[in-house]
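Here the structure is laid out as structure tokens; the discussion comes afterwards.
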Amino acid sequence: MSTKPILELTDIHTYYDNIHALKGISLSIPEGDIACLIGANGAGKSTTLLTISGVQPSEKGEIRFKGEPIQQLRPEQVAEKGVAQAPEGRQIFPRMSTLENLEMGAFLRKDKAAIAEDLEWVFGLFPVLKERTGQLGGTLSGGEQQMLAIGRSLMSRPSLLLLDEPSLGLAPKLVERIFETIFEINKSGTTIFLVEQNAHMALSISATGHVMETGRIVLTDKASALLENDQVRKAYLGE
Amino acid sequence: MVRQELRKLATYLFFLAILIIPMLGFRSTSFESQRAFKTLAVFSAILVLNFVVKAFRRGRNTVRAKEKSWVERAGERINQVPRIYTIGGLILLALTFPLIANNYMIDVGITCLIYISLGLGLNIVVGLCGLLDLGYIAFYAVGAYTYSLLNLSLGLSFWAALPIGIILGMICGCIIGYPTLKMRGDYLAIVTLGFGEIVRLVLNNWDSLTAGPNGLFGMKRPALYFPDFTEGGLTWTTYYLKSLPALYYLILIIVIFTIIGVRRLDNSRIGRAWIAIREDETAAELSGVPTIWIKLLAYALGAAFASVAGAFFAAKLSYTNPNFFLFMESCIVLCIVVLGGVGSIPGIIVAGFILIAVPEVFRGLENYRMLAFGAIMTTMMVLKPEGLIPASRRRREIHGSDRHKQEAFDTSEH
């Protein structure tokens, strides 16, 4: 499937005040793929995603989305280009209903008919959400909130979906469900960049994998190769 | 149980004694039994109220835990009546009020309406966008001084000065909004508090422009213009709104327009974006909300409504001075928003009347009326933390969440 890259990061440096969080990240994601970024806590995985979407801008380096530089853009402008992110820790809008949450995802769109269509698509992916349309986001269960966060980011009809720890704090059975859905979303044509601590799950659905350690990418390979890699097995797969 | 309550009472009385000493003065030569009696009366009223509330709550918790309070039942009863009748009835009542009331009551009514429009404006910033603003009264001052200065120096009429006041208010809103874009919570509160005081101090000290603490006076009242054909050509007769009922109707119209404006904003795309920012700013950014502009817009629009109220206030009194714009006023407006129910328009209207009219009722208590006011606020917050008439969103959040959680748990497949 590997064609031209949809996203390219070249030597990205990001700081939180004095803390050098990303120390020169370079990676590229082919269009139509699932790519994952694995690594320990505090390696800078979430920061990488926030840098791509413009929430935590980089000091140095270049980010190209579909060949266009986007590192100078504000988050809403990045979103307009077709990058959507489901943030870590199920950051939904707790005092908005499920439906309102999903509608917020389509905030930048004006084509009402297509929005309604996408809403049905999201309900098809996550049938539970359809039963909860009127319920406040904050009162959903953990798994439902995660589904809502992913569903909301899909409502902008993105060409690149950034997922930050979709398995965080969920029961194993539910994690499997979420990953199946991620695979399904990818099949419908959305490129996915996945950040995960659950390395096994992430690598098993991805085409390529990147391993991150303290602000640097230390290893990039085919996901199947990484699953066999001794170093990765020892550090992240607990074997 | 009783012993516990008695011990609490003793503690309260101990603190009461400590509090009373500085209030009555250390030297007892000028001890006034009447004053002491009044203080004691207010405090014992608070204590009695406290016990009544507790007894009421205990009874409710054990015997009729599921039953709705009378406030909610009254609310439901009102909701059954078609909307057009309730709103029409309220407007009719507001319109006929000056016919049955005396001048003092109309004056209080005008003050109520001014504060309601301030509350509605602040509701945009605090209730919808979730930005705590403790210096809101500064924009009210901007409106008042803009009209005063334009009228006194250039002779501009109220209606001509109003748009200029609105624009200046919006600019001031952006001036306070821009540096605080990255701030949240406590820090934002401190900066806005400082801003409110800066505006007041500038007005107080810029003698050459604002006449300092003496204030400005002699502004013309708002006027109505009627066409006049008597002298061959068309001329305009000017009718100044000097009487209290006329001014009352003017502020009533302003308030009605404010309500319509705020309602439309609330239900719009922008309103949705404000709520999203209040709920989770990062998630809002990621959904494509241009947070910088939307937040500035909240400040600017909130300030615009305050500026209109301010211009009316200066025109009504035909006088203004910096001491009208103390921090206390910001607090009262914030109290109106919180007491009414954050984000709820009917709540703010009711709270505006209660907070402005009730202290008038307590005038008989003299210096202790603010104490009574505080007691009422505290009791309210204990009994109904979500406000008098909560926005449906908020009521669900505070009271309905348990039920929803239960539902979520029951039907959860995981």
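Values in this text are rule-based calculations from the coordinates and carry no lab data. All values derive from a computational prediction rather than experimental measurement. A quick note on method: Cβ atoms are made from the backbone with ideal geometry, for glycine too, and the neighbour counts reach across all protein chains shown.
Results, tabulated for the structure shown:
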| quantity | calculated |
| --- | --- |
| Trypsin sites (Lys or Arg not before Pro) lying in DSSP loop within segment B:164-229, provided at most 10 other Cβ fall within 10 Å | B:K182 |
| Global form of the protein assembly as shown, assessed from the alpha-carbon gyration tensor, a/c cut-off 1.5 | prolate |
| Chain A, relative contact order in percent, only Cα pairs under 8 angstrom and at least six apart counted | 26 |
| Global size of segment B:288-332 as Cα Rg and Dmax, reported in angstrom | 14.4, 47 |
| Between 0 and 90°, nearest 10: helix A:112-125 axis offset from chain A longest Cα axis | 70 |
| In segment B:103-366, lysine pairs with alpha-carbon atoms under 22 angstrom apart (chain gap of 8 or more, or interchain) | 4 |
| DSSP-loop GluC sites (Glu not before Pro) across segment A:1-86, with at most 16 other Cβ within 10 angstrom | A:E31, A:E59 |
| Set of lysines near A:K112 by C-alpha distance (under 22 Å), chain-local residues within fewer than 8 positions excluded | A:K81, A:K130 |
| Cα Rg over Rh - chain A, Kirkwood | 0.95 |
| Point-to-point label distance, A:S224-B:C331, nm (Cα→Cβ direction, 7 Å offset) | 7.2 |
| Within straight-line cross-link reach of A:K234, lysines at Cα separation under 28 Å, skipping those fewer than 8 residues along the same chain | A:K23, A:K45, A:K173, A:K222 |
| Antiparallel DSSP beta bridges within chain A, as percent of all bridges there, nearest 5 | 55 |
| Whole-angstrom Cα spans of segment B:263-304 along principal axes, big to small | 28, 19, 14 |
| Relative contact order, percent, segment B:103-366 [alpha-carbon distance under 8 Å, six or more residues apart] | 41 |
| Exposure proxy order (Cβ contacts within 10 Å, fewest to most) of B:F158, B:F51 | B:F51, B:F158 |
| As computed over segment B:103-366, the Cα convex hull volume per residue (Å³) | 142 |
| Separation of the B:Y239 and B:V52 label points, Cα + 7 Å toward Cβ, nm | 4.7 |
| For segment B:341-381 versus segment B:278-332, the gap between their alpha-carbon centres in whole angstrom | 22 |
| For segment A:1-83: rounded, prolate or oblate by the Cα gyration tensor [a/c cutoff 1.5] | oblate |
| Prolate/oblate/rounded label for segment B:68-172 (Cα gyration tensor, a/c 1.5) | oblate |
| Rg/Rh (Cα only; Kirkwood hydrodynamic radius) as it applies to segment B:204-267 | 1.18 |
| Hits among lysines - C-alpha to C-alpha of B:K54 under 24 Å, sequence gap 8 or more where chains match | B:K8, B:K66, B:K68, B:K384 |
| Volume per residue that the Cα convex hull of segment A:108-197 spans, once the total is divided by residue count, Å³ | 105 |
